[in-house]
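Here's the structure we're looking at; comments come further down.
Bear in mind these aren't lab numbers, they're just calculated from the coordinates by the rules spelled out. Here the structure is a predicted model, which is why all the values come from computation and not from measurement. Here the Cβ is made from the backbone with ideal geometry for all residues, glycine too, and neighbour counts use every protein chain on show.
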Amino acid sequence: MITTEDPGKWNVPNVALTRRRTLLAGAALGGAALLTACSEDPGPERAERSSEADRLRRSAADDSAALLARYDATLAAHPPLEPALRPLRAEVARHAKAFGGDDRAPHPGSTPPRDAPPHTGTGVSDRSPAPAGHAGPPVPKDEKSARAELAGAERKLADRRTKALATAPPELARLLASVAAAGAAHAYLLAGA
């Protein structure tokens, strides 16, 4: 507060800068500088292009392609399920493409899905072999079991993607979370309908 009692003299109130005020002012300036530096940090962009992020993307694309193969095998073995499965399969194809993969099922000879049932070697199976010319995973002979198996595959993949969020950079984590949520919804629809 400045007063002008005497026109030739300015009265300035005596404001002592205490240690506390000095430290608070310094902390405020330092915090502002730190926030400015953080907003210009290219670190998040670098993390999106890291080898770990690329590995996660490739793995997610491969997982989606394997799931796509499972959908295709189920559709080939059980054509009456097409109205229920075709929209879900289309979503899985979009997921594969979003991760930078192909939106088609893998070609014959590619690696099987991680959650494919092991081959028992007994020669007796309750699964339909893959149709001629289609090297997909084996599919249960009855439609209800086939849907349940697809639901289980969707659920396992959604869980795996949710766990991957901890190491994924921000943009990839958002994509993984979104696709994991879609997979959980697919599992729900497949198991409940």
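Miscellaneous remarks
- Estimated FRET transfer efficiency (R58, D142; beta-carbon r; R0 45 Å; 0.05): 0.80
- Cβ-Cβ FRET estimate between E91 and S51, R0 fixed at 25 Å, reported to 0.05: 0.30
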